[in-house]
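Q: First the structure, which I've put down as structure tokens, then a few questions once you've had a look.
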Amino acid sequence: MLTDFTTSPHSQHVPLVANRRPTVLIIDDDESLSDVLSHRLKKQGLKTVAAYSGRSGLAKAKARPPALVILDLGLPDCDGLTVCEQLADSPETCSAPILILSGREQPGLVRRCRAAGCHFFLRKPYDPNALLVLIRQALGEAGGWDAPSGD
């Protein structure tokens, strides 16, 4: 059973310093999806940055490396797998886990995503709690994250 992180009895909490909250970069051309996701992540104590194209996402990631990247595969200017490979290969961004959030259904897609450097894959439409579980796991593996205790 998936639960919201604010009520999960199994999570280990590492306090965050207010100005050191992990930043999640959301690269998705669907602005409304990005806005909703950003709002939800901010309520969980994370900072978010949105990019609506692959090139913009790469530039933002290299300028200010995020703690985690949430990446769509269907971008208007380039293929999301190419963006994933570039993020995974870049010295500035290679330590940030990449979570692909995509509505594509193709044989072998998850395998290709993993080969490109993706750490997690979640198909759209997605369960918001499942996404939060994956984000917590990714950030936990990369150095820790604590959700706010009240909200």
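The values are calculated or read from the model by the stated rules, or taken from the named source; none is laboratory data. These figures come from a predicted structure and were not determined experimentally. Heads up, the Cβs are rebuilt from the backbone with ideal geometry, glycines too, and the neighbour counts pull from every protein chain shown.
Rundown of residues vs (1) at pLDDT below 95; (2) outside any strand (DSSP E or B), yes/no style:
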| residue | (1), (2) |
| --- | --- |
| L99 | no, no |
| Q106 | yes, yes |
| A115 | no, yes |
| A147 | yes, yes |
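Q: With A142, A115 as the choices, which residue is closer than 21 Å to L37 by Cβ, out of contact with any Ser or Thr (no Cβ under 6 Å at 6 or more places or on another chain) and surrounded by fewer than 19 Cβ atoms within 10 Å (Cβ to Cβ)?
A: A142
Q: Let me ask something else. Using beta carbons and a limit of 9 Å, which pairs, at least six apart or on different chains, have the first residue in the stretch 73-84 and closer than 9 Å to A116 by Cβ and in contact (Cβ under 8 Å) with a residue 12 or more places away in the chain and the second one of a type in the set (G, A, S) and outside any helix (DSSP H, G or I)?
A: G80/G74; G80/S102; C84/G117
Q: Here are some residues: V69, V24. Which one is in contact with a Lys or Arg (Cβ under 8 Å, 6 or more places away or on another chain) and either among the basic types (K, R) or crowded, with 17+ Cβ neighbours inside 10 Å (or both)? Write out each step before concluding.
A: On the way: V69 fails: in contact with a Lys or Arg (Cβ under 8 Å, 6 or more places away or on another chain).
Only one candidate qualifies: V24.
Q: Is the stretch 42-52 home to any residue that is farther than 24 Å from V133 by Cβ, without any contact (Cβ under 8 Å) to a residue 40 or more places away in the chain and either part of a helix (DSSP H, G or I) or not aliphatic (A, V, I, L, M) (or both)?
A: Taking every residue of the stretch 42-52 in turn, at least one turns out to be farther than 24 Å from V133 by Cβ, without any contact (Cβ under 8 Å) to a residue 40 or more places away in the chain and either part of a helix (DSSP H, G or I) or not aliphatic (A, V, I, L, M) (or both).
Q: Next question. Please indicate, with yes or no, whether at least one residue in the stretch 83-104 is out of contact with any strand residue (DSSP E or B) (no Cβ under 9 Å at 6 or more places or on another chain), over 25 Å from G143 (Cβ atoms) and surrounded by 14 or more Cβ atoms within 10 Å (Cβ to Cβ).
A: no
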